[in-house]
Amino acid sequence: MSEFNAQQLANAGIRNLSPYQAGKPIEELERELGIKNIVKLASNENPLGLSAKVKQALIEQISGLARYPDANGFYLKSKIASKFGLQVNQITLGNGSNDILELVARTYVNDQHEVIYSQHAFVVYPLVTQAIGAKGIAVPAKNYGHDLEAMLAAISDRTKMIFIANPNNPTGTFLSTQQLYAFIKQVPQHILVVLDEAYSEYVSAAECAPSMAWVAEFPHLIVSRTFSKAYGLAGLRAGFAVSHASVADYLNRLRQPFNMNSLSLRAAEVALDDDDYLAQSVQINQQGMAQLIAFCDATGLSYIPSWGNFLTIEVGPEAATLYQKLLHAGVIVRPIAGYELPNHLRVSIGLQHENQAFIDAMKTILGASR
Ligand SMILES: *Cc1c(COP(=O)(O)O)cnc(C)c1O
């Protein structure tokens, strides 16, 4: 008689996935460590909290929750289209942009294909690649960022998709408009380029590539955006892809019709109009970045220059110990050994007093060990 074996039953690609290491909720940590007022600078969330306009819209939306959401996301897509100068049929909505990243891979990649991404790039790229059973090609980074020439050179007969994060998480590195444009132009059009721009709102208008407009010239380009960072909606799960209409058509065939719920649809729509909140988010981020950089410079710690809402600091081989000590001092940051950066810690930019809590804890810990 055959026996039940969960491992053997699972698809090969899934069997080899490691479980996602989620951070503990603040409340649970506070109870565990017996401390209060823990500062969380670990997940690149927006430290401003929910926008007041979005909150009001959500309250008004709640009474409609007995109905299914609008499967086409009509109002949100119209808003996105008008804000970014697009056609509605170029847009695919996602339950966060992670949903988009998985959707593009499942629509276009199979187990005969190769997928290219950079070393130290966002963890979801190898994850979705492996889940499908495709072969992931991690191209060694250059100065912690994408080495576009090496990525071009890594293209083979089997290459189907290339993921680029700009800015990248967890390194914060950034590719210029010229570099990106030249790269996309050189990628053969039977290979899709997925440009993940989760942090682009933090990049100045002068530096930010007009990537969505490029889709008209490059039908093999898919741009992904999220509401989780500068728009402050991480808990609601909202993101979208911009592509050639024919690409969006296929993405939308596989997309679950209700992947964005009524609350996230409405919140994202209102967030796109909340220019004050966005401007404040960017300003708080600039100030906090300057605050952390000043501390690093004064302390002699090196860091990777960042275009995102976080700073990745080189703290040396004791990074894991330092992370634990910071935790006990009430500050949660992100160890990134899993990204092949065992000597670094990633610190999300918080409010002024939160950044200061990190700085004070670092001073105490480093002072005690010197
Ligand atoms: C945070 C982040 C995202 C956003 O994920 P969501 O699913 O939209 O919350 C996407 N890409 C990168 C590189 C990120 O760091």
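Okay, here's what the table says:
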| item | result |
| --- | --- |
| Calculated FRET value between LEU29 and ILE293, using beta carbons and R₀ = 25 Å, to 0.05 | 0.35 |
| Computed E for ALA12/ALA279 - FRET, C-beta separation, R0 45 angstrom, nearest 0.05 | 0.40 |
| Whole-Hz ³J(HN,Hα) from phi, Karplus 6.51 cos²θ - 1.76 cosθ + 1.60, for segment 94-111, glycine and proline x | x, 7, x, 7, 4, 4, 4, 4, 5, 4, 5, 5, 5, 6, 10, 10, 10, 6 |
| Backbone N under 12 Å from the ILE155 label point (7 Å along Cα→Cβ), restricted to segment 165-191 | 182-191 |
| Stretchable slack from GLN186 to LYS55, in nm (0.36 nm times residue separation minus alpha-carbon distance) | 42.7 nm |
| Difference of contour (0.36 nm per residue) and Cα-Cα distance, HIS244 to SER176 | 22.2 nm |
| Unit charges at the beta carbon, dipole of segment 63-272: most positive-side option, ALA182, ALA213, GLN87 | GLN87 |
| Potential extension, ASN143-SER82 segment - 0.36 nm per residue separation minus Cα distance | 18.2 nm |
| Mean residue ellipticity (222 nm) of the chain, computed from DSSP H runs ≥ 4 via -39,500 (n - 2.57), nearest 500 | -12000 deg cm²/dmol |
| Span from the segment 205-258 Cα centroid across to the segment 22-73 one, whole angstrom | 23 Å |
| Interchain or long-range residues, amide H under 5 Å from ASN44's placed H | SER348 |
| Residues with amide H under 5 Å from that of ILE336, placed H, sequence gap 5 or more | HIS344, ARG346 |
| Filter on LYS77/LYS185; LYS135/LYS229; LYS40/LYS229; LYS24/LYS53; LYS83/LYS185 - keep pairs with C-alpha separation over 18 Å | LYS77/LYS185; LYS135/LYS229; LYS24/LYS53; LYS83/LYS185 |
| Within the chain: Cβ-based charge dipole about Cα centre, in debye rounded to nearest 20 (Lys, Arg +1; Asp, Glu -1) | 380 debye |
| For PHE310, distant residues with modelled amide H under 5 Å away | ILE349 |
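Any read-out appearing in this document is the output of simple, stated calculations on the displayed coordinates, not a laboratory observation. Source: prediction; values computed, not measured. All Cβ positions, glycine included, derive from the backbone under ideal geometry; neighbour counts span all protein chains shown.
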